[in-house]
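Scroll down for the structure; my scribbles are underneath it.
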Amino acid sequence: MNMNESEFVTPLRILIRVAIANETHFLVKEEQLCQKFEEKKSSSPIKTTQWLAIIIQNGGLTKNQQCFHLRGNGEPFYWTGNTSELLVIRTDQHIDGYFVLYDDLLFQRILNQLQLNRSAIPLPIRNALLSDYFYFAGLG
């Protein structure tokens with residue numbers, strides 16, 4: 001039997017980047033994740049996925065949850081909100097293969113919130129943060 005690389009299916013992994021675009025908008029963008037962290041594959045259709053966004057305010061005393069959809073075409077999604085607050089996201093229902101990467105400022109806010117009151121960030125998001133960032137560390 002003669003097998004070539006194209007006969008092996010690699011599971012699709014999706015990177016979701018979360019950043020601050022300006023004072024009134026967060027930026028959420030999806031792209032395919034490759035074996036090397038800095039590589040990007042050419043854009044190909046990604047299935048639309050429902051996400052849960054949680055805005056954490058007042059040091060974790062107030063939370064606002066809303067669902068949104070990423071279109072699956074790699075176009076950025078702009079989330080309107082006060083970007084001095086903390087935005088954390090996760091898939092609405094657990095789906096393997098999605099990894100969330102926060103920009104440096106949001107990640108520092110997440111770390112500060114975890115030190116101040118870790119229960120303000122829901123347990124599934126805390127678990128996903130650990131899992132995702134260990135995965136990123138493995139990519140180099």
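The values are calculated or read from the model by the stated rules, or taken from the named source; none is laboratory data. Predicted model, so just to flag it, every value in this text is computed and none were measured. Please note: Cβ atoms are built from the backbone with ideal geometry, for glycine as well, and neighbour counts cover all protein chains shown.
Tabulated data for the structure shown
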read-out	value
In region 78-136, residue farthest from GLN32 (Cα to Cα) [restricted to those that are of a type in the set (A, V, I, L, M), within 11 Å of the chain's Cα centre (by Cα) and not in a helix (DSSP H, G or I)]	LEU87
Complete set of residues in region 61-77 that are closer than 17 Å to ARG13 by Cα and part of a strand (DSSP E or B)	LEU70
Where a residue in region 124-135 is over 13 Å from PHE107 (Cβ atoms) and its partner, wherever it lies, is part of a helix (DSSP H, G or I) and at pLDDT 90 or above, with Cβ under 8 Å and at least six apart	ARG126/LEU114; ARG126/ARG118
Contacts under 9 angstrom Cβ, first residue in region 26-37 being among the basic types (Lys, Arg), partner at pLDDT 85 or above, 6 or more apart	LYS29/LEU15; LYS29/ILE16; LYS29/ARG17; LYS29/VAL18; LYS29/ALA19; LYS29/PRO76; LYS29/PHE77
Region 10-34, residues that are among the hydrophobic types (A, V, I, L, M, F, W, C) and either modelled with pLDDT of 90 or more or assigned to a strand (DSSP E or B) (or both)	ILE14, LEU15, ILE16, VAL18, ALA19, ILE20, ALA21, PHE26, LEU27, VAL28
